[in-house]
Every structure is written in C-alpha cells, then in structure tokens.
C-alpha cells in the first residue's frame, strides 16, 4: 500500500482553511478491493460479525433529514442492529439528550464510541453526521456477540453542531477518579467523501498512531488532517485527559458540501463509510485487548 499522507489545512489570509491536494484522495478507490479482502482474523475476535459494503450502503437509501426525527431514527437503527431496547437510554443533562447504548464487558473499564446525531438547518445531514451514526451502529452489531474486556458505551451525541453540547455534558459528569477507567474515546464525524483520516488537532497522539498502524494492517489507505479552528466531540473527552481520536473522511472541498444544502444522501460514498467503519472497529478491538493506560 502507499505510504500515508499528511494533509495539513493552513489558514489563509482570509482566515479560511487553504486546501491541499493529496493524490491518494483521487486514488483510494483503486485499492478498495485490497482493503475489502481483509479477513475476520485481522480483528482476532470470536463471534465478530462483519457488515458488508452493501449492508452499509443500504443505510443511505433513507436518511432522516429533520433534526426532530434523528434521535428516534438512531435508536431504531441500533435496535435493528440487534440492540435490546433495555440497553438503550436517553441521558438528559443541561438541556441536551444523548442516546447511550451499553454493552457490558468483564470489567468496568470503558471505551466510548461516539458520533453526533444532530445536523445544521441546511441540507439533510447525510454526511455530517448520519455516516457516523451508521458506522457506530454497525460497529455495535459487529461486536454484539463478542465477549469484551471493557464495557463499550455507544453514544449518539446531541447538539454537537451548537458547540459540542452533548459530549461536553457527558464529559463534565466524569470526575478525575472515574476518568481513569475511561480507556479511550473513538469518535466518528463525517465519513463518505474520501479515505479514512484522523484529525490531528482533535486527537490524542497514541490513538493517532494506533489508527495508522491498524490501517496498514488492514491495507486501508489512510491519512492525517489538521483543521485549525474546527472541533468535534472527541475534544470534550481529550479535555478530561481521556485518550480520544476523531476519524473522518473529508476532502479538500468539504466546505462546499458540509453545512450546506449539498449535504444529501446522494453525496455519500458507501465505500468511504465502510472503510471508516472497518478502521474504527479494528481500533476498538485493539484498545479492548490492551491495558487501560496503553494510549494515555
């Protein structure tokens, strides 16, 4: 596979990100067949149920385009992925509602797997961030029958677009002693445009390195991006000294799509979503098999 690229978005004189043009963004489809050939043994987990590219792509035939519909749609998706209704709760705090699905592990150590379900007023929010909700729901199904060491918290955050309100509310309730039991937070925000990448300015160094290592093992093309001035739900946990990583798949023209009327289901590249799902899934398996302090 080609070496990872590092795509840094410097600030222009007008204060807007200037775009780089990594060749791998144009070429990533050429290696899709190699990445899809990665086997279940790559994750090394008995009972693992991998979703197919077709199953992931089918999720975008119908996307809830109104904010008032999205929390219920996220719940319905998790239940369709096999989540017992009793394991799903709505946590209300300071005017925000987070949907939380708990998969118990053999210990009280925790991994948070997150994506925000809300959207801005414009567009359908298919990319930002129904792609993230689809990815974490399929990750849940993949791991539902796997005996995990750590308790997995799948969280669909509310009001991210208003300033990380949902994730900040959840993180604010974790005190210093409790934070030691939070081994990692893996956040997915906006797949569907390009190859999987980590946002360097919204991620912890050791989890960035893990993402790159896992992508290499899975033969998935992978990149880095730093987007000055941007933020996402991983930051709320990183601010609590919890290792956190932001996985996305944006391209150089993201500003012409996200938060505009152009964010529609037709814009979603299912292969991009699938590769992000596979990368995050393998990372979670790796964190689960490591000591809780391994990525601090």
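Of all residues in the stretch 142-152 being in contact with a helix residue (DSSP H, G or I) (Cβ under 6 Å, 6 or more places away or on another chain) and closer than 21 Å to residue 85 by Cβ, which is surrounded by the fewest Cβ atoms within 10 Å (Cβ to Cβ)?
So the first thing to find is which residues in the stretch 142-152 are in contact with a helix residue (DSSP H, G or I) (Cβ under 6 Å, 6 or more places away or on another chain), and the list is 142, 148-150.
The next check asks that each one be closer than 21 Å to residue 85 by Cβ; those that pass are 142, 148.
On the way: 142: 24, 148: 19.
My answer is 148.
Which residue is nearest to residue 215 (Cα to Cα), if the candidates are limited to the stretch 241-256 and must be at pLDDT 95 or above and crowded, with 20+ Cβ neighbours inside 10 Å?
That would be 247.
Does residue 186 qualify as being closer than 21 Å to residue 100 by Cβ and part of a loop (DSSP other than H, G, I, E, B)? Even if it seems obvious, please write down each step before you answer.
On the way: closer than 21 Å to residue 100 by Cβ: yes; part of a loop (DSSP other than H, G, I, E, B): no.
So residue 186 does not fit the description; no.
Quick one: residue 203 ticks every box in (1) surrounded by fewer than 23 Cβ atoms within 10 Å (Cβ to Cβ); (2) closer than 21 Å to residue 153 by Cβ except a single one, so which number is it?
So the condition that residue 203 fails would be (1).
Which pairs have Cβ atoms under 6 Å, sit 6 or more apart or on different chains, and link a residue in the stretch 262-274 that is closer than 14 Å to residue 51 by Cβ to one that is at pLDDT 95 or above?
From the stretch 262-274, the pairs are 270/56; 270/57; 273/56; 273/131; 273/191; 273/192; 274/53; 274/56.
Listed here are the residues, each with its yes/no results for (1) part of a helix (DSSP H, G or I); (2) surrounded by 24 or more Cβ atoms within 10 Å (Cβ to Cβ).
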position	(1), (2)
124	no, no
131	yes, yes
140	yes, no
154	no, yes
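Name the residue that is surrounded by the fewest Cβ atoms within 10 Å (Cβ to Cβ), counting only residues in the stretch 77-92 that are assigned to a loop (DSSP other than H, G, I, E, B) and touching a helix residue (DSSP H, G or I) at 6+ places or on another chain (Cβ under 8 Å). Break it down stepwise before answering.
Looking only at the stretch 77-92, we keep the residues that are assigned to a loop (DSSP other than H, G, I, E, B), and these are 81-84.
When the remaining residues are screened for being touching a helix residue (DSSP H, G or I) at 6+ places or on another chain (Cβ under 8 Å), the result is 81-83.
Values: 81: 20, 82: 12, 83: 20.
Applying the filter and picking the extreme gives 82.
May I ask you to list the residues in the stretch 60-76 that are loosely packed, with under 11 Cβ neighbours inside 10 Å and in a helix (DSSP H, G or I)?
61, 68
So residue 170 ticks every box in (1) surrounded by 19 or more Cβ atoms within 10 Å (Cβ to Cβ); (2) in a loop (DSSP other than H, G, I, E, B); (3) more than 15 Å from the chain's Cα centre (by Cα) but one. Which box is left unticked?
Among (1) surrounded by 19 or more Cβ atoms within 10 Å (Cβ to Cβ); (2) in a loop (DSSP other than H, G, I, E, B); (3) more than 15 Å from the chain's Cα centre (by Cα), the lone unmet condition for residue 170 is (2).
I'd like to know if the stretch 208-218 contains one or more residues that are closer than 18 Å to residue 98 by Cα, modelled with pLDDT of 95 or more and touching a strand residue (DSSP E or B) at 6+ places or on another chain (Cβ under 8 Å).
Looking only at the stretch 208-218, we keep the residues that are closer than 18 Å to residue 98 by Cα, and these are none.
Scanning the stretch 208-218, I find no residue that is closer than 18 Å to residue 98 by Cα, modelled with pLDDT of 95 or more and touching a strand residue (DSSP E or B) at 6+ places or on another chain (Cβ under 8 Å), so the answer is no.
With the requirement that a residue be assigned to a loop (DSSP other than H, G, I, E, B) and in contact (Cβ under 8 Å) with a residue 60 or more places away in the chain, what does the stretch 102-118 give you? Don't jump to the end; show me each part of the working.
In the first step, residues of the stretch 102-118 are kept if they are assigned to a loop (DSSP other than H, G, I, E, B); the result is 104-109, 117-118.
Residues satisfying the conditions are 105, 108, 109.
The values are calculated or read from the model by the stated rules, or taken from the named source; none is laboratory data. Every value quoted in this text rests on a predicted model; they were computed, and no experiment measured them. Ideal geometry is used to build each Cβ from the backbone, glycine not excepted, and the neighbour counts take in all protein chains shown.
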